[in-house]
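A quick write-up on the structure given underneath.
The values are calculated or read from the model by the stated rules, or taken from the named source; none is laboratory data. For clarity, every value in this text was computed on a predicted model and none was experimentally measured. A quick note on method: Cβ atoms are made from the backbone with ideal geometry, for glycine too, and the neighbour counts reach across all protein chains shown.
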Amino acid sequence: MIYFWATVLCAINLAWLAGTIFMLPGNWLMVATAAAFAWWQRDAGMMGVWPLVVAALLALVGEAIEFFASSLAVRSAGGTRWGAFGALMGAAAGLVVGTALIPVPVLGSLLGACVGAAAGSLGGELAAGRKSPGLWRPSLAAGAGRLIGTLAKFVIGVMIFLTIAVAAFWP
């Protein structure tokens, strides 16, 4: 019966993993679902504490990478703190707008967040008083950084999925 529940856990976590592309907290949902299953099936010894700790640490790293990727890209491309802050705010706003205006799954959310990060960085650079020649490089870096951050979070999500799957099937 333990293998049946391990299969159910993996199926649920696969859905949560897909949610990371939509900028949902899929990695944390995988950790929470695994913890719930481990507690529920504790008598069967479904999973130990260490796989959950590793999965939680990976989720934390994934969040940090996704959150800071666009702002770090702005700073590395010669942008200001205002541009980095604008990239963070623009990505959040662009996510909402892109999801609403482009109803294509994944594409609208991802494109909206990347364009929003670039636009937010551009606005931040303008607010900082930067002039036109140096504005585009940090703004484009913000959009690219957001894309890289989201993809890195997804890759970390795959690592979380595999960690939990191995721990569930190999108690």
Practice problem: Quick one: in the range 7-35, of everything that is crowded, with 22+ Cβ neighbours inside 10 Å and farther than 28 Å from VAL97 by Cα, which residue is nearest to the chain's Cα centre (by Cα)? | Solution: VAL31
Exercise. Answer yes or no: is there a residue in the range 128-147 that is among the small types (Gly, Ala, Ser), under 29 Å from ALA55 (Cβ atoms) and surrounded by 16 or more Cβ atoms within 10 Å (Cβ to Cβ).
Key: yes
Quiz item: Any chance the range 49-58 includes a residue that's modelled with pLDDT of 90 or more, over 17 Å from TRP170 (Cα atoms) and β-branched (Val, Ile, Thr)?
Solution: no
Quiz item: Within the range 143-163, can one find any residue that is at pLDDT 95 or above, under 20 Å from the mean Cα position of the chain (by Cα) and of a type in the set (Ser, Thr, Tyr)?
Solution: yes
Quiz item: Among ALA141, ALA152, which is the only one that is small (Gly, Ala, Ser), under 13 Å from ALA73 (Cα atoms) and in contact (Cβ under 8 Å) with a residue 60 or more places away in the chain?
Solution: ALA141
Quiz item: Considering ILE21, ILE65, which residue is within 29 Å of GLY112 (Cβ to Cβ) and at pLDDT 90 or above?
Solution: ILE65
Quiz item: What number goes with the only condition from (1) more than 30 Å from LEU135 (Cα to Cα); (2) buried (at least 22 other Cβ atoms within 10 Å of the Cβ) that ALA73 does not pass?
Solution: (1)
Exercise. Considering (1) hydrophobic (A, V, I, L, M, F, W, C); (2) within 19 Å of the chain's Cα centre (by Cα); (3) surrounded by 24 or more Cβ atoms within 10 Å (Cβ to Cβ), say which one ALA168 fails and leave the rest.
Key: (2)
Self-check item: Answer residue from the range 128-151, given it is in a helix (DSSP H, G or I) and either in contact with an Asp or Glu (Cβ under 7 Å, 6 or more places away or on another chain) or among the polar types (S, T, N, Q) (or both) and is farthest from THR80 (Cα to Cα) among those
Solution: THR150
Exercise. Answer yes or no: is there a residue in the range 83-98 that is farther than 27 Å from GLY19 by Cβ and either crowded, with 24+ Cβ neighbours inside 10 Å or among the aliphatic types (A, V, I, L, M) (or both).
Key: yes
Quiz item: Hey, among the residues in the range 109-118 that are among the small types (Gly, Ala, Ser) and modelled with pLDDT of 90 or more, which one's nearest to ALA69 (Cα to Cα)?
Solution: ALA117
Practice problem: Return a yes/no flag: does the range 117-124 have any residue that is touching a residue at least 24 places away in the same chain (Cβ under 8 Å), under 18 Å from the mean Cα position of the chain (by Cα) and within 15 Å of ARG81 (Cα to Cα). | Solution: yes
Quiz item: Is there a residue being among the hydrophobic types (A, V, I, L, M, F, W, C), closer than 30 Å to THR163 by Cα, in a helix (DSSP H, G or I) and free of Cβ contacts under 8 Å to residues at least 24 places away in the same chain anywhere in the range 101-114?
Solution: yes
